[in-house]
Amino acid sequence: MLEELRGDKWMVKVTLENITKVFGKVVAVSDLNLEVRDGEFVALLGPSGCGKTTTLLMIAGIYRPTKGRIYFDDVDVTFLPPKDRNIGMVFQSYALYPHMTVYDNIAFPLKLKKVPKNEIDKKVREIAKLLRIDNLLNRKPAQLSGGQQQRVALGRALAKEPDVLLLDEPLSNLDAKLRILMRAELKRLQKELKITTIYVTHDQVEAMSMADRIAVMNAGRLQQYAEPEELYNKPANIFVAGFIGNPPMNFIDGTVYSKDGRFFFDSGEFTIELNKEIGEIIASKASEVVMGFRPEHVKIFLNEQPNSIEGLVYVVEPLGRDVVVNVKIGSAVVKILASPDLNLEPGQKIWLVFDQKRLHFFDKKSGLSVLV
């Protein structure tokens, strides 16, 4: 059944070349270059106003780029209207027809294409079974839950056998439990159909858990385009480092210097010795840096340790399996993930030891990583 639904044409590469979109004096997207491989699931991730939805709407043909070209495989679709691009799109609001049944909502794009009635019936029922809504075909949208409406909207998009599936924050209206369930369902469906998919979200957990690659955007510019693991372990700049990860990465300004063949990071309130290999790389590129470390890459000790720094417990946030310990280091407050077994109390003195292999350093002026 999947092969019948998909067909060979459901494997399309999408290429954006130097795409720019300007609204009046506002540059919404600036000089964006991006390639989405055949059958790949790519997430456009970033805060509100970063240009991700504008980019999606240009791929859809709803917006026309101010500059640049868009290709589906080797076909230039820059100036083609949406109806000629063979795309499927699911919006945040689902945009279902309230007066139509589930069956008719899914069948609607096929009726527009004047597909024979028996073929429409076969395809609607196949898609409904694939999405596990085949028992809802006679209901209307008002009789459905949010998750069921989302599946219907997805079914309508798939019914026309699109070359590219475009999803604009389709899970944001669902409650937390249903979002987690639908993330897994969408990922399963995309992998089974192998349809080229571009997914817009501001939720980094959604992007990290679902996408093959993630394009992180900010202020209309692409910050980094990589697999989730690379974004997490090798962020290209401070913005990506702070946006990916929950709780987010901690940052402390300081300088790196060498003395007697040893290398040190000095924040002005504490000093730690760095591994020689890391120290040499940093010192060769920048002196004023921002040190970044993730909450899970620091160990808490109740007694002073070699190359540790002293801190005071500020606030403890229980999360069940873990606790987030807010630690005051001089004037800065950082977040550390720890075991609840530590039983820490506000005002308690502790010592922190960094996992040196997991430290990140960024040039203070440019914000770029000096270790990538």
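The values are calculated or read from the model by the stated rules, or taken from the named source; none is laboratory data. Nothing here was measured: the structure is a model prediction, and the numbers come from that model. Positions of Cβ are generated from backbone atoms using ideal geometry, with glycine treated the same way; all protein chains shown enter the neighbour counts.
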For this session: Mind telling me which of the residues R151, R156, R188 ends up being surrounded by fewer than 21 Cβ atoms within 10 Å (Cβ to Cβ) and in the same structural domain as V75 (by TED's automatic domain parsing)?
Result: R188
Exercise. What are the residues in the stretch 226-238 that are surrounded by fewer than 21 Cβ atoms within 10 Å (Cβ to Cβ) and in contact with a strand residue (DSSP E or B) (Cβ under 7 Å, 6 or more places away or on another chain), if any?
Worked result: A226, E227, P228, A236, N237
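Restricting attention to the stretch 64-77, and to residues there that are part of a loop (DSSP other than H, G, I, E, B) and surrounded by fewer than 16 Cβ atoms within 10 Å (Cβ to Cβ), which single residue is modelled with the lowest pLDDT?
Here the answer is D74.
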Exercise. Mind checking whether some residue in the stretch 214-225 is under 28 Å from M249 (Cα atoms), assigned to a loop (DSSP other than H, G, I, E, B) and either free of Cβ contacts under 8 Å to residues at least 12 places away in the same chain or of a type outside the set (D, E, K, R) (or both)?
Worked result: yes
Exercise. Restricting to the stretch 29-63, what's the tally of residues that are more than 16 Å from V12 (Cα to Cα) and basic (K, R)?
Worked result: 1
Seminar exercise, completed: Here the residues within the stretch 162-185 that are within 15 Å of F41 (Cβ to Cβ) and surrounded by fewer than 14 Cβ atoms within 10 Å (Cβ to Cβ) are A184
Exercise. Do any strands (runs of 3 or more DSSP E) entirely within the stretch 261-372 hold 1 or more residues that are among the aromatic types (F, W, Y) and under 25 Å from E229 (Cα atoms), and if so, which?
Worked result: 288-293, 349-354, 360-363
Problem set entry | Contacts under 9 angstrom Cβ, first residue in the stretch 75-97 being in the same structural domain as A107 (by TED's automatic domain parsing), partner loosely packed, with under 13 Cβ neighbours inside 10 Å and of a type in the set (D, E), 6 or more apart | V77/D84
Seminar exercise, completed: Within the stretch 188-206, the residues that are of a type outside the set (D, E, K, R) and under 28 Å from P247 (Cβ atoms) are Y199, V200, T201, H202, Q204, V205
Seminar exercise, completed: For V289, the lone unmet condition from (1) touching a helix residue (DSSP H, G or I) at 6+ places or on another chain (Cβ under 8 Å); (2) loosely packed, with under 15 Cβ neighbours inside 10 Å is (2)
